[in-house]
Structure formats: C-alpha cells, structure tokens
1. Within 10 Å of each Cβ of A:172-184, how many other protein chain Cβ atoms are there on average?
2. Can you pull out the cysteines in chain B that have no other Cys Cβ under 4.7 Å?
3. Once Rh for chain B is found with the Kirkwood sum over Cα pairs, what is the Stokes-Einstein diffusion coefficient at 25 °C and 0.890 mPa s, in µm²/s?
4. Skipping prolines and chain starts, which residues have an amide H placed within reach, meaning under 5 Å, of the one on A:Val192, given they are 5 or more residues away or on another chain?
5. What is the mean number of Cβ atoms from other protein chains located within 10 Å of the Cβ atom of each residue in peptide B:146-152, rounded to a whole number?
6. Nothing charged except the Cβ atoms of Lys and Arg (+1) and of Asp and Glu (-1): what's the magnitude of the dipole of the stretch B:4-116 about its Cα centre? Round to the nearest 20 debye.
7. Which positions within the stretch A:373-406 get 40 Å² or more of their accessible surface covered by the other protein chains, compared to the chain by itself, with a 1.4 angstrom probe?
8. Subtract the Cα-Cα distance of A:Ile183 and A:Thr615 from 0.36 nm times their separation in residues, and report this length gain in nm to one decimal.
Amino acid sequence: MTDSMLQSKIPAGPIADKWDNYKADMKLVNPNNKRKFKVLVVGSGLAGSSAAATLAELGYDVEVFTFHDSPRRAHSIAAQGGINAAKNYRGDGDSIHRLFYDTIKGGDFRAREGNVHRLAQVSVNIIDQMVAQGVPFAREYGGLLDTRSFGGSQLQRTFYARGQTGQQLLLGAYQQLARQIGIGGVKLWNRVELVDVVNIDGRCAGIVTRDLVNGEIRSHSGHAVVLATGGYGNAFFLSTNAMMCNVTAAWRAHRKGAYFANPCYTQIHPTCIPQADDTQSKLTLMSESLRNDGRVWVPLNVGDNRPAAEIPEAERDYYLERLYPSFGNLAPRDISSRAAKRAVDSGRGVGPLKNGVYLDFSAAIARLGKDVVKERYGNLFDMYERITGENPYDIPMRIYPASHYTMGGLWVDYELMTTIPGLYAAGEANFSDHGANRLGASALMQGLADGYFVLPYTIGNYLAPMLNKPVPGVDHEAFKTAENDGRARFQGFLDIRGKRSPDWFHRELGKIIWDRCGMERTAEGLQQALTDIPALYDEFKTDLRVTGNGASLNQTLEKAGRVDDFFQLGMLMCRDALERNESAGGHFRAEYQDDEGEAARDDENFAHVAAWEFTGDPMQSNRHKEELEFETIHLAKRSYK
Amino acid sequence: MSHHLENLTLKIWRQSAPADGGHFESYRIDSISDEASFLEMLDVLNEKLIDEGLEAITFDHDCREGICGTCSLMIDGQAHGPQRGTATCQLHMRTFKSGDEIVVEPWRATAFPIVKDLMVDRSPLDRIVEAGGYITATTGGAPDANIIPIPKPVADAAMDAAECIGCGACVAACPNGAANLFTAAKVSHLNLLPQGQAERWSRVEAMVETMDEHFGSCTNHGECEAACPKSISLDFIALMHKDYRRAKVKNRKLISQI
Ligand SMILES: Cc1cc2nc3c(=O)[nH]c(=O)nc-3n(C[C@H](O)[C@H](O)[C@H](O)COP(=O)(O)OP(=O)(O)OC[C@H]3O[C@@H](n4cnc5c(N)ncnc54)[C@H](O)[C@@H]3O)c2cc1C
Ligand code: SF4
Ligand code: FES
C-alpha cells in the first residue's frame, strides 16, 4: 500500500487530459502579486536556468545559486547526443502516446504514468522554445530541422546540434537567464554552495550556503526553494559526470526530511572510453548517437590478439546484432552495457588492458563516405583521438560502460514537490520520469520540461494561498542553528588532521560501489558493501586530512564535504539495491534473471517506488512505498529482441 | 601500452588571495603516465602536496572534456598549452617528455583578477552576455519550430560561432586583453539567425559597448584565434565590426526620424 506521505497527486481524468485538468484547476497568483514571492533556485543547469528565467519572466523575485563561476558551466553543457521530442516531423509514426509508451517501457515499467505522459506532451513545446531562443539545431538542406534515432527507439525523434546538444541548449537557457540577471529579474550567487536546507513550521523556509571564495556561511529565506542540482553518478568516483557533480544538495535536503527515491537506479552508459590507468580522474562518454552508424563487436575467440583489421568477418562477434536483431546496435543502455560486460568478462575484451569492446565505423565509412561520417561525428572522433592517441577513422574505437546518469533522486509528486512542503526538485536531482532506466536524449528533455513547462505552473499553486502572509526571515533561530551546524561541520573536517586526502577516500569508496552496486549486483556483494562502506566511513571520520583553511578558497575542503555525503548515499544505494529483490532496468540482480540472462522483474512485489526516510543514520533509514498504478499501459516483459 | 614520464619540473604560480603578491614555486614530479591528462598530472601533484601536509594548488576545472570552458591554464606561456584547438583538460602528457620544465600560470588579464593560485574571475564575460547576448523569447509563446526554415549553411555558420566555450583563452592570449573573439562569437551566433534579426542592432551595440567597458581594445594581433580551443574564426570579429558600424548608422537614422 502507498505510504500516506507519498501521495503522488496525479490529477483525475484520462491520461491525455490530466495535465490540462491540473492547469484548469490550479490556483493562480495575480501578475502584480508575483513579485511578493521569493523563489530560491539552486542549480543553473537546464532545469535550474529554465525554471529561474521563466519564473522571473512571470514576475517572481528569483535568486539563483551555483557553485560554478558562471551559470553556463553547469554539467548539462556536456551532453552530446540530443534531445527527444514527439514532433513527428519525419512522419515516421511518432506521437505523444508513443514517446510516453517508449519512456515507460524503457524505464522497465517503474515510472509513474501521469508524470511521463506530461513529459511527452510538453516535449514538443521545448523544441519550439529552444529554436525561438536561437539554438542552432542541425538542419536539412531544405532548412527544416533534422532528427536522428537513439537507443531504445525505432523512430527518429532526436533533435541535435552537432555533438554538442547539451551545450547549445544550456547556452539557450543561460542566455535567457542572463537577460533576467541583466534586467534585475534574477539575482545570481555564483561560486556558492548549498550546505543546508531550513524548515520552519513544516515548510521549507530557505537554505544555508557557503561562499567558496571566502568560506562565509550565510542564510537565505524564501517562499519556495527549487533544487535543480543534478545527479549523483560521481558516487562511483569514475563516471562521465563533470568532476564537481555531487549529491550534497539533495542529500542535505534528504537529511532534513525529503525522502530519497530509488537510489539504486543508476545508469551505466555503454559507450565510454575505457580506463587507461590508475590516475584516471573521470571517464569520457562517446555519444550514444555513434551507435547509429558504429557496429559493436569483439573477437569470436578468447585470446585473439590480432589487430582489429586483421580479424576476418567470420571471426568477429557482433553480439548486439546477434542477440537483439530488431534493435541491434541501438539496444537500450542497460542491455548494451551488460552485454559488453559479459563480452569482456568472457575474456574477449580488446585494447591493451583487455577492458573494452570495439565500436567500428568501417562499414559506415564504406557506405556513406568519410565526409558524411565526419560531418556527423567529427568532433567526437577528434575528442577520442585526443584522449587515446588513436584515430577512429582507421582503427575501431574501444568502448566500455561507465556510470553516467542517476534515475534515482529526491522523491517528488506530480507537482515536483518533495516530501518537504515548498521544496521542489527538478531535472536529474529528482527521481520522477525515467523509472529504472533512462532512454537516451530524454534527460535534456526532462530537465527543460521541468523548468520551463511544469514548475512555473505548480509553484504558483503552492504560493497562491501564502499571499501577504509573512514568512520567517534569516534571523529566525532555525537559520542560526543551521549556520552554526554548517560552520562546525567544515571546521570538523579541518580538525581531523589524519593522513588521507578526500580524493583517496572517494576513490576507495567508488571502487566498492562500482564492484558491488554497479552493473551487476548480488545479495552477498551488497551485504559485503554494507560492511565495507561503514568501515571506510569510520576511517574517513578519523583519518581525513584537509590542508589549508576554511576562510579562503579551499577545494580540498569542498571535496571533503562532498565525499562525506557520498559515503552516506553509498550506504543507501546498497540498501535500496539489497531490498529490491528483482531486476529492473539499470538495477540488475544476478539472482533475478530469466533463462536468456535478461532482467526478471517481480511486478507482484516490486511495482513500487522505494522512498527512503532519513532517521539519523543511513544504515537505519526507513523504506516507504509508493505503489505504481498502470491504468493505460499494460505491464509487459521488456523485449528488444 | 602506456609509458611514464620522469623528472618533470613544474614551475607553478601560487597566490593566496587577490591582493597578495604571488610567486612561482617549483615542484618535481616523477612517474606520470603518458596516458594521463595534464590536469590528472596536477591531481597527482596535489595528492603529493596533501601527503606532505601542504595546501593543494587551486585551479579551475570541471567537465574535463573540453566543453564547459572552466579549465584555464597558461602552460609555457600559451593559453591552454601547446596543442592547437585543445583546452587544457584535453591536453595529455604524451605531449611532454621526461625532464621537461613546465611553467604553469593563471590567465593574465586586467579584466580577470586572480582569485587564488591558478584560478581567475572571468565574470566580465557574463556581463557581456547579460547586456544583449540573447534573443528575447519569453517561455510559452514560441511558434512551431519548423515555421521558419533556416538554410543549412546559415545554421552551420551560427553553430560555428556558438561553439565558443567561454573559457577566456582569447583574452588571456591577447596582448591587449581584448575580448573581441568571445564577443564576436556570441554576437554572430545570434545575428546570423533569422530569429535574431529583431534585436540585431541593439544587441551588437550593447554587447560591444559592455565589452569595451571591461576589456582592452583589439589591434588585430590574431593571437586569440590561435589560442582558441574551438578554433573560432577571426572572420566573426569582422562580422561584429561590420554590424556595429551599421548599427550606429541605423540607430542614428531612427533617432533622426523621431
Ligand atoms: C557526458 C554526458 C552526456 C550526456 N548526454 C546527454 C544527451 O545527449 N541527451 C540527454 O538527454 N542527456 C544527456 N546527459 C544527461 C544530462 O546531461 C543531464 O542529466 C542533465 O543535463 C542534468 O541537468 P540538470 O539541470 O538536472 O543538472 P546539471 O546540469 O548537472 O546542473 C546542476 C547545477 O546545480 C548546481 N549545484 C549542484 N549542487 C549544488 C550545491 N550544493 N550548491 C549550489 N549549486 C549546486 C551546479 O552548479 C549546476 O549549476 C548526458 C550526461 C553526461 C554526463
Ligand atoms: S572565443 Fe575561443 S578562446 Fe575565446 S572564450 Fe570562446 S572558446 Fe574560449
Ligand atoms: S574542464 Fe571543461 S573545458 Fe576543460
């Protein structure tokens, strides 16, 4: 049964009418009254920038917080491949319903129908909005927008801007935000990090931040707070996320009462450049769009050490085409990743460390010519060459799966409100739309949907009844307590004076999580992790070394706080994975697979969202359930054969 | 297989605060894999410093994929180092050899005060965008995306300009500390597109004038293009100047009509 705290608030009516029904019934704030409400938006990625700019355009008093020096540097900038929308410009049979269906199926039937349908509906508005703002999407010779296909879909619904779609979309949203900053609609706090969330009288009253340049701890009060702070893929240490991505904002909110949903749903992306050595600090994604024209293979025989070009066709195993004939190289991410792991585990890995599989463009180059391939993927090929020193026009790329995206995140209802009234979560920071696995090109869509087309409506519904009622200011004792806690926490890291750096702990923690809670999980491995992580965490608390001080810019100290939160999250990820006795999407429990080695769901017992309540220690958190109701779509085995 | 570089000497700029004098400090480092990136080499050095109880070197970085524009190092006097079209984070140690001495400094420009060590404040670049680097299109009212076809060459040219990552290497490389390449990239991206026409003249005026408030003036050295990790073309500067002159004429005309 669904826990009473976890009411999804899905509006009544047929699936296609729910969002319209919501908008027809919601409370409104009169344009002249909007400036009386202060909304604090933490994060300036696609979700944060779009929300902040739109709220400011509507007239709300908005403040934006980012730890970056400029809002334009949020991690969204790194997205390469594209953004989905049900425009059906190709006339290939796309529709809102189909995008809705594909997303639910892609998520292995672990997402909420109402939210996902709304996402598919507003997807079409996103493309219109971004084009109006000057995003230079790829075009065909006739001048109309070009699209391509992406993993998990048989349609061409993905819009793109060379291999830099995230950059161009974020610049679009950032420019709109910059306009608001310039005309005074938004106040920007850069190089500032959220360190706590403050609740007063049962609602979120504001946040506490730390100025990274001078260490100043400071409170900010508001009528509503939006966390658009991205995902927690860096819990694995090595991931495709930017170095600064972290879980701190979401985790601090969790500690203050926001339930954390499905932390074990993490996405391992199939096409990343394999690790080259021990000093590696992050992994680089090779966009999934490459799988449109690249063919994935490994040698048929173990021990075949010949260079790729010398291995004849008959002695290659194009395993995705063999196992999944209808989707082939475009099989969804979780499936492709596991297949790559199995190929490498079987001893057929390629490259100096035998830790990759080939992604081969020779057939595409022969078919389309080098120029066309260059036009489509030139910058990705260049990037690959810079990193590996190998030229992918001549030698096949080597790829291997890496942590990339996190479907789990703060639990939110249909209005994107967390279990703390007045605290919202948007973009990758929430858990809302992708179930147990996200389809390619759907994160950008969700971030912009949340920021442009959902939050600006739902926040008004919350604020309207608060008109002219005073809210607590920063002199309230709850803020003072949180400030003191924040100061003490950072001083505490400095005072340990142990021997190991935050990075050392992060690397060790990441190894445990990757081995035990990565692509394949077992009850035994997870139990081991739940012994090992707390033990390492105890060491962290006594043996951490942070040099420098707290009153000037100190990246070691920043990192200490982030690693502290990753430790706590890591425990919750493993507990969540252990409790979910089924395989679904990115969560693959070796004990639960069918005869062909595919994920075996247990719809009877696990067709629910697991949302965790913090009780003081992540090893003791309480697990709550939101049952998922499927009214429109029939639960089916997810097959891509 | 990877090889290791030995006996590297790093001369690194250390400065504890904006007002502080700052100085070079020498560090020796060994056993660096040639597969490592330049920033991973600095990570190794920082771990070593922490081991020795010393404060780590502050430097800006994030994506490490050459797209966020956060990394910003002067390496041996060159913005983003010796490899053309490559941001610092994409530079790999295979570009160097054992025994090398490498000098690492922050961006040096009047408009970019040093925050600490190798980190500078580049927010004047944001001021330029805030002044006009956008298309006013408030959320919700946009027409269908395919209503205005945009010829592919136009869209491609806009994209060539839009690829700028806002790193500021062009400013650091310029003897005058000018931000013309950055500003031109931004102006051109929007001024080339049909959607950008309505604000074309006011945009270029506002952006150029804000640029002039913060940065030095361009005397056509061309160092910026050579340092730019995205190889943004100098042609965009010509386009910006042309638009700026036309804007002045156009606006004067408008004024005389009142
Ligand atoms: C390499 C790569 C390629 C990708 N490619 C694609 C793609 O092709 N298509 C697709 O759909 N998706 C893609 N994704 C996923 C997608 O890019 C992200 O999920 C999405 O951009 C997240 O956006 P966001 O707005 O939620 O968060 P982010 O863009 O991560 O922004 C987070 C913001 O929060 C701020 N912040 C975080 N914590 C704090 C704090 N404590 N205090 C203050 N500020 C804070 C940061 O400064 C930043 O501004 C890709 C991801 C990666 C890693
Ligand atoms: S023009 Fe080039 S060097 Fe200048 S900010 Fe843009 S990307 Fe950097
Ligand atoms: S760290 Fe992002 S461009 Fe170098």
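1. On the way: counts 4, 1, 5, 11, 6, 3, 9, 10, 2, 4, 10, 1, 0.
The per-residue average across the peptide is 5.
2. Among the cysteines of chain B, those whose Cβ sits 4.7 Å or more from every other are B:Cys164, B:Cys167, B:Cys174, B:Cys218, B:Cys228.
3. Roughly 122 µm²/s, to the nearest whole number.
4. Amide H neighbours of A:Val192, under 5 Å, 5+ apart: A:Thr66, A:Phe67, A:His68, A:Leu212.
5. Average neighbour count from other chains, rounded to a whole number: 6.
6. For the stretch B:4-116, the charge dipole is close to 420 debye.
7. Residues shielded by partner chains are A:Arg386, A:Ile387.
8. 151.1 nm
The values are calculated or read from the model by the stated rules, or taken from the named source; none is laboratory data. Keep in mind it's a predicted model, so treat the numbers as computed, not measured. Positions of Cβ are backbone-derived with ideal geometry, glycine not excepted, and every protein chain shown enters the neighbour counts. Surface accessibility is based on the protein's heavy atoms, side chains included, excluding ligands, DNA and RNA. Shrake-Rupley method; radii C 1.70, N 1.55, O 1.52, S 1.80 Å.
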